[in-house]
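Colleague: Have a look at this one.
What follows draws every value from the coordinates through simple rules; no lab data is involved. Note that this is a predicted model, so its numbers are computed, not measured. All Cβ positions, glycine included, derive from the backbone under ideal geometry; neighbour counts span all protein chains shown.
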Amino acid sequence: MKPALIVIDVQNEYFAPHGQWILPDGLAALTHIQELLSAFRQHRLPIFHIQHESPAPDAPVFRKGSPGREVHPEISILPGEKQIVKRVPGAFYQTSLEEDLLAVQADTLIICGYMTHMCCDTTTRQASERGLRVLFATDATATLDLKLNDKVIPHQIVHETTLAIMTRFASILPTTEIIKTITQ
């Protein structure tokens, strides 16, 4: 196994005071994202930081130059760690991610970040389509409440439902199990 860590959209847009889409479990997931970053750095494994950027100059979220688009201050991007900007939910679409993964010979992706049901889900499906193995970090991803016809679907339900769907495309594991897997 040649793993690569994919850190998706850990940006201020999901946190107070700048964010428009505050994630109720965002800080808890951030702690686990930091654990994954630490383990990958300790073992000198490749790390890819994915950042969402809205192409429209008047976009309400992830607008270029806005505080919400910036990486969360508790996440540092170290030399040698690749930063990739995406403009749609999937990290493979019109980015260098696939070529970058080939360059480091990665065959297994560890997915963490935000939001569980959107960019993490889409990137996982894209990776599966490319024949890559995926480990989806259950506790290093988070989402928010959604609405359907004026009914609120709680973030916990959205998260758990997405994880259940992801079992078709990935191994669904907590951070501790992923770290054990990559360090063996």
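Colleague: Need one number: % antiparallel among DSSP beta bridges in the chain, to the nearest 5. Don't skip to the end; give the middle numbers.
Modeller: Details: 4 of 29 bridges.
Roughly 15 percent of the beta bridges in the chain run antiparallel, per DSSP.
Colleague: Is any helix in the chain, taking whole DSSP H runs, at least 20 angstrom long along its axis by alpha carbon and on average at least -0.5 on the Kyte-Doolittle scale, and which ones? Intermediate results must be reported in sequence, preceding the final value.
Modeller: Working: long enough: 26-42 (24 Å, 0.46).
Membrane-span-like by this criterion, though nothing is claimed about a membrane: 26-42.
Colleague: Roughly speaking, what is the stretch gain from residue 102 to residue 59, that is 0.36 nm per residue apart minus the C-alpha to C-alpha distance, in nm to one decimal? Walk me through the intermediate numbers first.
Modeller: Values: separation 43, 0.36 × 43 = 15.48 nm, distance 3.30 nm.
Full extension of this stretch gives 12.2 nm more.
Colleague: Pairs on different chains or at least eight residues apart, Cα atoms closer than 29 Å: how many lysine pairs in the chain fit? Could the numbers behind the result be given before it?
Modeller: Numbers: 2/82; 2/86; 2/180; 64/82; 64/86; 64/147; 82/180; 86/147.
Close lysine pairs found across the chain: 8.
Colleague: Sticking with this one: Please report 114, 14 as a ranked list, fewest other C-beta atoms within 10 angstrom at the top and most at the bottom.
Modeller: Values: 114 30, 14 26.
Fewest-to-most Cβ neighbours within 10 Å comes out as 14, 114.
Colleague: Run the simple label-point estimate for residue 149 and residue 27 please: 7 Å along Cα→C-beta, distance reported in nm.
Modeller: Going by the 7 Å Cα→Cβ label model, 3.7 nm.
Colleague: Neighbouring Cβ atoms within 10 Å as the yardstick, rank 147, 64 fewest first. Intermediate results must be reported in sequence, preceding the final value.
Modeller: Working: 147 8, 64 12.
Taking fewest neighbouring Cβ atoms as first place, the list is 147, 64.
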